1. Just to be sure before I move on: is residue 109 closer than 20 Å to residue 213 by Cα, in contact (Cβ under 8 Å) with a residue 24 or more places away in the chain and surrounded by fewer than 16 Cβ atoms within 10 Å (Cβ to Cβ) in the structure I sent?
2. Do the conditions hold for residue 237, that is, is it modelled with pLDDT under 85 and touching a helix residue (DSSP H, G or I) at 6+ places or on another chain (Cβ under 9 Å)?
3. Six or more apart or on different chains, Cβ under 6 Å: which pairs go from a residue in the range 253-277 that's closer than 16 Å to residue 214 by Cβ to one that's modelled with pLDDT of 90 or more? Could you list them?
4. Do you know which residues across the range 18-51 are over 23 Å from residue 114 (Cβ atoms) and under 21 Å from the mean Cα position of the chain (by Cα)?
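The values are calculated or read from the model by the stated rules, or taken from the named source; none is laboratory data. Small disclaimer: the values here were computed from a predicted structure and weren't measured. Here the Cβ positions follow ideal geometry from the backbone for every residue, glycine too, while neighbour counts run over all protein chains shown.
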């Protein structure tokens with residue numbers, strides 16, 4: 001439908017509970033009707049049924065699972081240890097649904113806290129994509145900037161949230177260019193598809209507000225948005241589902257909100273039972289506090 005908002009989310013079978021939690025947060029905070037397209041990296045039938053059963057709770061979304069043979073499409077692609085080939089699936093979005101005009105892509109390790117229509121309504125101003133500049137990357141950007149020959153003043157974006165003009169992407173044959181970049185720099189790509197996207201768009205993208213992709217360490221910035229729309233749990237060792245819903249995490253923002261959405265996901269008991277042992281949780285919390293202090297130190301140095 002004309003006024004529906006098309007949103008692409010990725011998941012393999014292991015990430016199905018977190019995908020469902022993200023969907024709950026989307027539906028609870030958005031008045032518009034959502035057309036959800038799942039970049040399916042191997043979700044089994046049982047988990048699909050649980051996700052589809054969310055229609056019994058929410059009437060403002062449709063869902064379509066797009067089966068992607070990642071081993072076939074991305075057989076020669078490099079892969080960091082903490083990722084699976086399904087991360088590259090976002091590169092195929094315009095080919096999968098070429099009839100769409102503008103779409104949103106959101107990683108599944110997120111929750112949506114405000115109406116996603118505001119992001120969808122952003123004017124791309126003739127850019128092919130909109131993304132959020134990860135300003136913290138300027139402190140450790142040599143892993144990407146130098147080997148991939150990026151601009152001196154490039155602004156590295158986190159690819160977990162993207163606003164895409166599908167027609168411009170197709171016209172520019174972006175997917176093919178990204179595959180060519182992978183082939184050329186195959187041994188110099190530290191962050192998978194995110195690296196490829198940053199190389200191709202090299203500062204030629206619409207910089208969107210931080211509120212649309214708020215990362216773990218962004219809470220320690222001097223200026224925090226009044227309304228956070230998308231909370232992105234990017235650090236692998238800091239995922240909220242690794243810490244029990246009963247834990248009090250005053251310095252780990254939105255942990256409680258995450259588990260509130262998880263309660264309506266259909267996977268709550270499974271997620272709760274899979275929480276790490278208590279001693280491991282305490283180590284995660286200790287690391288959280290250490291990272292908080294590190295980022296505060298970075299912020300202090302930035303102001304000098």
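1. Considered against the rule, which asks whether it is closer than 20 Å to residue 213 by Cα, in contact (Cβ under 8 Å) with a residue 24 or more places away in the chain and surrounded by fewer than 16 Cβ atoms within 10 Å (Cβ to Cβ), residue 109 comes out as no.
2. So residue 237 fits the description; yes.
3. Partner pairs satisfying both residue conditions: 254/231; 258/111; 261/21; 261/24; 261/25; 261/111.
4. Correct list: 39, 40, 41, 42, 43, 47, 48.
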